[in-house]
1. For Ala125, indicate whether it is in a loop (DSSP other than H, G, I, E, B), in contact with a helix residue (DSSP H, G or I) (Cβ under 9 Å, 6 or more places away or on another chain) and either away from the ligand (no atom under 13 Å from the Cβ) or within 20 Å of Gln191 (Cα to Cα) (or both).
2. Inside the stretch 95-124, can you point out the residues that are surrounded by 20 or more Cβ atoms within 10 Å (Cβ to Cβ) and within 20 Å of Ile226 (Cα to Cα)?
3. I'd like to know if the stretch 33-41 contains one or more residues that are open to solvent by 40 Å² or more (accessible area, probe 1.4 Å), at positive phi and touching a helix residue (DSSP H, G or I) at 6+ places or on another chain (Cβ under 8 Å).
4. With respect to the numbered conditions (1) more than 16 Å from the chain's Cα centre (by Cα); (2) closer than 29 Å to Ile54 by Cα; (3) buried (at least 18 other Cβ atoms within 10 Å of the Cβ), which one is the sole condition not fulfilled by Val157?
5. Can you name every residue in the stretch 211-238 that is of a type in the set (A, V, I, L, M), open to solvent by 20 Å² or more (accessible area, probe 1.4 Å) and over 27 Å from Gly40 (Cα atoms)?
6. Which of the numbered conditions does Arg167 fail, given that it passes all the others? Conditions: (1) modelled with pLDDT under 95; (2) within 11 Å of the ligand (Cβ to nearest atom); (3) open to solvent by 20 Å² or more (accessible area, probe 1.4 Å).
7. Determine whether Arg21 is within 11 Å of the ligand (Cβ to nearest atom) and surrounded by 19 or more Cβ atoms within 10 Å (Cβ to Cβ).
8. Please state which of the following conditions Gly40 fails to meet, knowing it meets all the rest: (1) farther than 23 Å from Phe218 by Cβ; (2) more than 10 Å from the ligand (Cβ to nearest atom).
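The values are calculated or read from the model by the stated rules, or taken from the named source; none is laboratory data. From a predicted model like this one, the values you see are computed outputs, not experimental measurements. Heads up, the Cβs are rebuilt from the backbone with ideal geometry, glycines too, and the neighbour counts pull from every protein chain shown. For accessibility, only protein heavy atoms count, side chains too; no ligands or nucleic acids. Shrake-Rupley method; radii C 1.70, N 1.55, O 1.52, S 1.80 Å.
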Amino acid sequence: MSEIDLPEDHPRYQSLLTRHRIEAGVEKGITSKQGLIAEGRGEAFDYLLGERTIESAAAAERAAAAHLLLADHPVLSVNGNVAALVAAEIVELAAAVDADIEINLFNRTPERMDAIAAHLREHGADEIKGLTADGRIPGLSHQRAKIDADGIGTADVVLVPLEDGDRAEALGEMGKTELVIDLNPLSRSAQVAAVPIIDNIIRAIPNMTAHARELQEFDRAQLTAIVEEFAAAAALEAAENAIRDGDLGRPN
Ligand code: PTJ
């Protein structure tokens, strides 16, 4: 038995674990109510993908790991859904690629910022950015423009999971290389990403950490070759085709 009192080989284990974590996130003041709705939308896409990491997503996860290892200043952006679903896994990825963790919220309130920071610390995070908020994303109004000047402000590569389209677009215009995790290949965030990862974040982050560990010994030329080999448009197309084919991952 595990976190949700269900054996891990139960066919709905991962989906029920995800729901449990999001619900707990709302109860802890981490995840917004809108985050619940966003998770529902994500689940629908995941169901159509067969709740598995498709081949093109695995390639994207490897390319994203190579980007993070090549970066001068990589930052992993965390919102209320990410914190609820994969807090410990984000901390592990940050350690594997030597990245900063920065909290960035669409619906930013001091209470949620503090609750998420505390939750990340409970899961092993040390330094957490996002609380200073002394930088801004140009072209965005409102609280969602806030960033740390020495975090995302100076990052060259940013992982933005489950991001809203406006913010993803504005970050791209700042010249950041964006790695986006989003189960919807048609979302604007996925469309503007250098590396769109069309996979559930619950699978994507541990996969990226495993790739980063495997690529640790690669030199810059080898990592650059992996980055250059990856084609974003082809990955988006493969994911859309997998959803439209709708075999739900069942063998033909
Ligand atoms: O915590 P906050 O205030 O920053 O708000 C976070 C949410 C997610 C509510 C906010 O960023 C938002 O409204 O996002 P959107 O525009 O609904 O986009 C979220 C995207 O993430 C959608 O395209 C979903 O399909 C996708 N998604 C949802 N759950 C998952 C997911 N992708 C990967 N893994 C998931 N578990």
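1. Spelling it out, Ala125 is indeed in a loop (DSSP other than H, G, I, E, B), in contact with a helix residue (DSSP H, G or I) (Cβ under 9 Å, 6 or more places away or on another chain) and either away from the ligand (no atom under 13 Å from the Cβ) or within 20 Å of Gln191 (Cα to Cα) (or both).
2. Result: Val97, Ala99.
3. Looking through the stretch 33-41, none of the residues is open to solvent by 40 Å² or more (accessible area, probe 1.4 Å), at positive phi and touching a helix residue (DSSP H, G or I) at 6+ places or on another chain (Cβ under 8 Å).
4. Result: Val157 passes all but (1).
5. Across the stretch 211-238, the qualifying residues are Ala221, Ala225, Ile226, Val227, Ala231.
6. Looking at each condition in turn, Arg167 falls short on (3).
7. Spelling it out, Arg21 is indeed within 11 Å of the ligand (Cβ to nearest atom) and surrounded by 19 or more Cβ atoms within 10 Å (Cβ to Cβ).
8. Here Gly40 clears every test but (2).
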